[in-house]
Amino acid sequence: MSGFVALSASICMALLFVAAGLALYRIVVGPRAADRAVGFDMLSTVIVGMICVLCVAWRSTLYFDAVWILTLVGFLGTAAIAKYLARGRIF
Amino acid sequence: MDGALAAVRDLLVVALMASGTFFMVVTGIGLVRFPDVYTRMHAAGKAGTLGIALLILAPVVFFAGTDPFVSVRGCLAIVFQLLTTPGATYLLAHACYATNHPLHERTALDELQEFRLVYPDEEFGDE
């Protein structure tokens, strides 16, 4: 049964890499800075999901702290870019 | 943990991971296929949040009986995600609209048009 979980975790990991590639495509191609900010937001979310899948695949809770820390600070980059786009400065 | 319970737990974990990954891939496809930045934010802000919540629930269920703090940290992560993602998406959408970021040509209705800000700085306040 554990091989079943490991196999599905590998498949999920591959599909998450596909999602990260699509977000990277938007970062590279995106016509304006706001499109790139959306892609960056999505990329950080996908990386959090990858860490969750790795926790299951490796049967280890060692990296689970990174999940909630990244969810806590992951939006700061997007918020900073939004403020910069609106006002020309961040603070 | 006995065999039957572990099997149910593994099936639940696989279902959570699969559904979360599905929503993440759908978000990626939406990010590539949608025509303007507002619709892309719609994809990344809603489907992405649901996908990450499901993906965080997978390790929470998987380590349910072994490490009690994983469930605390996992629920905390979901709460943080639900708090921060709408805020960041709102800030970005507002910045885009205030700086006249173009809408797609097939946009049917723009109700904010008559309230369009002349000076974007006024909305954010000048601290």
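Put a dot 7 Å past each Cα toward the Cβ at B:LEU76 and A:ARG32; how far apart are the dots in nm?
Roughly 3.9 nm, to one decimal.
In peptide B:100-107, what is the residue-averaged number of other protein chain Cβ atoms found within 10 Å of each Cβ?
On the way: counts 0, 5, 2, 0, 0, 0, 0, 0.
Mean shielding count: 1.
Just tell me how shielded B:74-85 is by partners: mean number of partner chain Cβ atoms within 10 Å of each residue's Cβ, no decimals.
On the way: counts 5, 1, 4, 11, 3, 3, 9, 9, 1, 3, 8, 6.
So the per-residue partner count for this stretch is 5.
Could you tell me the relative contact order of the range B:45-86? Use alpha-carbon pairs under 8 Å, at least six residues apart, and round to a whole percent. Display every interim value, and only then the final one.
Details: 23 pairs, mean separation 19.8, N = 42.
Relative contact order, the range B:45-86: 47 percent.
Suppose a student asked you for the relative contact order of chain B, using Cα pairs under 8 Å spaced at least 6 residues apart; what percent would you report?
This gives 24 percent for chain B.
Given points 7 Å out from each Cα along the Cα-Cβ axis, report the B:LYS46 to B:VAL26 separation in nanometres with one decimal.
1.0 nm
Could you work out how much longer the chain between B:LEU103 and B:VAL8 gets when fully extended? Use 0.36 nm per residue separation minus the Cα distance between them, nm to one decimal. Walk me through the numbers on the way to the answer.
Working: separation 95, 0.36 × 95 = 34.20 nm, distance 4.76 nm.
Taking 0.36 nm per residue and subtracting the Cα distance, the gain is 29.4 nm.
For A:PHE4, B:PHE115, what ranking results if the residue with the fewest other Cβ atoms within 10 Å of its Cβ goes first?
B:PHE115, A:PHE4
Would you mind giving the three semi-axes, in whole Å and largest first, of the ellipsoid equivalent to chain A according to its Cα gyration tensor?
Square roots of five times the eigenvalues give 31, 17, 5 Å.
Which residues in the range A:21-64 have a backbone N closer than 19 Å to a point placed 7 Å from the Cα of A:VAL73 along the Cα-to-Cβ line?
A:40-52, A:62-64
Looking only at other chains, what is the average number of their beta-carbon atoms within 10 angstrom of each beta-carbon in A:25-35? Walk me through the numbers before you get to the answer.
Numbers: counts 3, 7, 1, 0, 1, 3, 3, 6, 5, 11, 8.
Rounded to a whole number, the mean comes out at 4.
May I ask you to derive the relative contact order of chain A, considering only C-alpha pairs under 8 Å and at least 6 residues apart, and to give it as an integer percent?
With pairs under 8 Å counted, the relative contact order is 27 percent.
Okay, which of the range A:31-69 sit inside 11 Å, backbone N to the point 7 Å along the Cα-Cβ direction of A:SER2?
A:58-60
Could you work out how far the C-alpha centroid of the range A:1-70 sits from that of the range B:20-79, in angstrom?
First find each Cα centre; the distance between them is then 9 Å.
Using only Cα atoms, what Kirkwood radius does chain B have, in angstroms? Numbers along the way, then the final one.
Numbers: mean 1/r = 0.0577 Å⁻¹.
That comes to 17.3 Å for chain B.
Any idea what diffusion coefficient the protein assembly as shown gets from Stokes-Einstein, in µm²/s, Kirkwood Rh on alpha carbon pairs, 25 °C, 0.890 mPa s?
Details: Rh = 18.2 Å.
Reported coefficient: 135 µm²/s.
Values in this text are rule-based calculations from the coordinates and carry no lab data. Everything numeric here is computed off the predicted structure, so don't read it as measured data. Heads up, the Cβs are rebuilt from the backbone with ideal geometry, glycines too, and the neighbour counts pull from every protein chain shown.
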